[in-house]
1. Residues with beta-carbon under 12 Å from that of ALA175, excluding ALA175: net charge, scoring Lys, Arg +1 and Asp, Glu -1?
2. Using 7 Å Cα-to-Cβ label points, what is the VAL135/GLN72 separation (nm, one decimal)?
3. Calculate, for segment 56-189, the solvent-accessible area per residue in square angstrom, rolling a 1.4 angstrom probe over the heavy atoms of the protein chains.
4. Multiply the residue separation of SER125 and LYS94 by 0.36 nm, subtract the distance between their alpha-carbon atoms, and state the gained length in nm to one decimal.
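The values are calculated or read from the model by the stated rules, or taken from the named source; none is laboratory data. Values in this document were obtained by computation on a predicted structure and should not be read as measured data. A quick note on method: Cβ atoms are made from the backbone with ideal geometry, for glycine too, and the neighbour counts reach across all protein chains shown. Just the protein is used for accessible areas: all its heavy atoms, side chains included, with ligands, DNA and RNA removed. Shrake-Rupley method; radii C 1.70, N 1.55, O 1.52, S 1.80 Å.
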Amino acid sequence: MAAGTNIRQILGLEDLGKKKVLSAALLAEFLGTAILVLIGCGSCITGWDLDYSPTIVQIALAFGVTVGTVVQFIRHVSGGHINPAVTIGFLVAKKISLLRAILYVIVQCLGAIVRAGLLKGLTPSNLQGNLGATVVNQHLSPVQGFVVELCITFVLVFTVFACCDENRGDIKGSAPLAIGLSVATCHMFAASCPHES
C-alpha cells in the first residue's frame, strides 16, 4: 500500500484531486512568467530615443527586480518558480510531483510566448530588433555559450534552493530579493549591451 501511495505522490495523481489549488498555481506561473518576459525583454529594446540604448545594468536590474517582485507575489500560490530550470530542479529534488512539473513548464512557456507576442505587438516594427531574446554572443562558440548559460542557471537554481530550504534557520532576509539579485548579477556577468552585439 505504501508503494502505491508513493508512486501516486511522485506522479502527482493526488494533485488531480485538488483542482482549485492546482489551477491557481498554474495561473500564477503563467502570469509570473508572462510579466517577467514583458518587463525584462521590454527593457532590452533600443532606440526609443534615437541616441539612447539600454545599458547592461539597466537590463539586469529590470530582470532582477521583476523576478524578485513576481516571486514575492506568487510564491505563496505556486512556489514562484517562473523558470523551467527551477521547476526541473524542484522535480529532481522531489519537492514537486511529475505532473505538477510538466504542467508548470507548459504554462511557463505559454506565458512567455503570449507576452513575447504582446511585446512585439506593442513595439513599433522599426524598434523590435530581437525583442530581448537570448542569443549567443558572436565572439563565443556555441559550447562556450552553453557553459555560460549552464553556470548562470546553476547560480539561479542554487540560490532558490538555498533561500527556500525549510531546514535552514539562518535565513533572515528576503528570499525573493536574494533570488532577484542573483538574476541581476548573472545578467551583468553574461549579457552584452544590445549595441555591442
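1. +1
2. 3.4 nm
3. 58 Å²
4. Between SER125 and LYS94, full extension yields an extra 6.7 nm.
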